[in-house]
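The values are calculated or read from the model by the stated rules, or taken from the named source; none is laboratory data. Because the structure is a prediction, the values reported are computed rather than measured. Here the Cβ is made from the backbone with ideal geometry for all residues, glycine too, and neighbour counts use every protein chain on show. Protein only, heavy atoms only, side chains kept; ligands, DNA and RNA dropped before computing areas. Shrake-Rupley method; radii C 1.70, N 1.55, O 1.52, S 1.80 Å.
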Amino acid sequence: MAVKTHLDLNVPGGAETVLLHTCCAPCSSAILECMLQHGIRPVIFYSNSNIYPYEEYDHRRTECVRYAEKLGVEMVEDEYDHEAWLRAVKGLEGEPERGGRCLQCFRFRLGRAADYARAHGYPVLTTTLASSRWKSLAQIDCAGAEVCDSVSPGDNCLDNACGQVTWWQQNWRKGGLQERRGEIIREMDFYNQLWCGCEFSMRPEDKEK
């Protein structure tokens with residue numbers, strides 16, 4: 001029997017369409033399902049220039065495409081520009097996970113998502129990064145608040161002023177979503193990577209592959 005999720009979703013402004021920055025299929029799995037169950041129309045924005053090498057990026061992208069097609073959800077792929085990402089995190093290469101490099105990485109990727117949302121009329125932006133227990137929710141929300149024009153109530157990073165794109169601060173780890181995520185990963189036989197994707201977070205065994 002499938003795990004029943006019980007997360008109440010309150011989209012800022014009652015928006016029916018949300019741009020969902022997506023890092024990978026496993027992280028997006030239960031989130032997309034939950035959004036659809038709540039009558040929300042998510043559009044996947046795959047912007048992950050941090051992932052290295054390109055073959056790893058493409059493997060994760062392909063899994064996102066496969067799941068999007070199964071759910072009938074639109075997916076937009078951003079330009080892959082690892083060199084630009086390297087410039088954005090220059091000087092932070094030696095930072096640990098949840099350190100300064102991760103915060104700058106979130107700013108880079110979510111900034112591109114916010115720019116796309118403004119250019120294409122999406123009023124709300126959120127991210128699957130907030131589903132990972134390996135990442136700092138505070139860093140994710142501060143980066144999201146910085147790159148958007150306004151934030152959902154409860155965020156202390158910026159004033160909640162009116163703007164074109166609202167950052168939706170949502171903890172995607174609650175309400176049974178973690179358990180449902182595990183089920184979907186098994187059901188879909190997803191490639192489930194164990195590091196975020198950049199060369200600075202690789203474990204020794206990943207570098208040998």
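Principal axis lengths of the chain from Cα atoms, whole Å, largest first?
Projected onto its principal axes, the Cα set of the chain covers 46, 43, 27 Å.
For residue 76, which sequence-distant residues (separation of 5 or more, or a different chain) have an amide H within less than 5 Å of its own amide H, given hydrogens modelled in the peptide plane?
Amide H neighbours of residue 76, under 5 Å, 5+ apart: 44, 45, 46.
Order 38, 82, 120 by their accessible area, 1.4 angstrom probe, all chains in place, largest first.
Ranked list, largest accessible area first: 120, 38, 82.
Give me the percent of accessible area attributable to carbon and sulfur for the chain, probe 1.4 angstrom.
Numbers: 4820 of 9960 Å².
Its accessible area is 48 percent carbon and sulfur atoms.
Can you give me the long-range amide H partners of residue 151? Hydrogens built in the peptide plane at 1.01 Å from N, cutoff under 5 Å, separation of 5 or more residues or another chain.
161, 167
According to a simple spin-label model (label point 7 Å from Cα along Cα-to-Cβ), what is the distance in nm between residue 54 and residue 3?
It works out to 3.7 nm between the two label points.
Just read off the accessible area of residue 76 with the full protein assembly in place, 1.4 Å probe, to the nearest 10 Å².
Taking all protein chains as shown, residue 76 has close to 20 Å².
Karplus couplings for region 51-59 from phi (6.51 cos²θ - 1.76 cosθ + 1.60, θ = phi - 60°), rounded to Hz, Gly and Pro as x?
With the stated coefficients, region 51-59 comes to 6, 9, x, 4, 4, 5, 4, 5, 4 Hz.
For region 65-70, what does the Karplus curve 6.51 cos²θ - 1.76 cosθ + 1.60, with θ = phi - 60°, yield as ³J(HN,Hα) per residue in whole Hz, taken in order and with x for Gly and Pro?
With coefficients 6.51, -1.76 and 1.60, one gets 4, 4, 6, 4, 5, 5 Hz.
Would you calculate the separation in nanometres between label points at residue 178 and residue 15, each defined as 7 Å from the Cα along the Cα-to-beta-carbon direction?
2.7
State the three equivalent ellipsoid semi-axes of region 17-83, derived from the C-alpha gyration tensor as the square roots of 5 times its eigenvalues, in descending order and whole Å.
22, 11, 9
What FRET efficiency comes out for residue 36 versus residue 119 if R0 is 25 angstrom and r is the Cβ-Cβ distance? Round to the nearest 0.05.
Working: r = 25 Å, r/R0 = 0.99.
In this case the efficiency is close to 0.50.
Using 7 Å Cα-to-Cβ label points, what is the residue 90/residue 78 separation (nm, one decimal)?
Computed distance between label sites residue 90 and residue 78 equals 2.0 nm.
Over region 2-80, with the other protein chains present, what is the accessible area per residue in square angstrom, probe 1.4 angstrom?
Working: 3390 Å² over 79 residues.
The answer is 43 Å² per residue.
Residue-wise, which Karplus ³J(HN,Hα) couplings in Hz belong to region 94-101, taking 6.51 cos²θ - 1.76 cosθ + 1.60, θ = phi - 60°, and x for glycine or proline?
In residue order, the calculated couplings are x, 5, x, 4, 6, x, x, 5 Hz.
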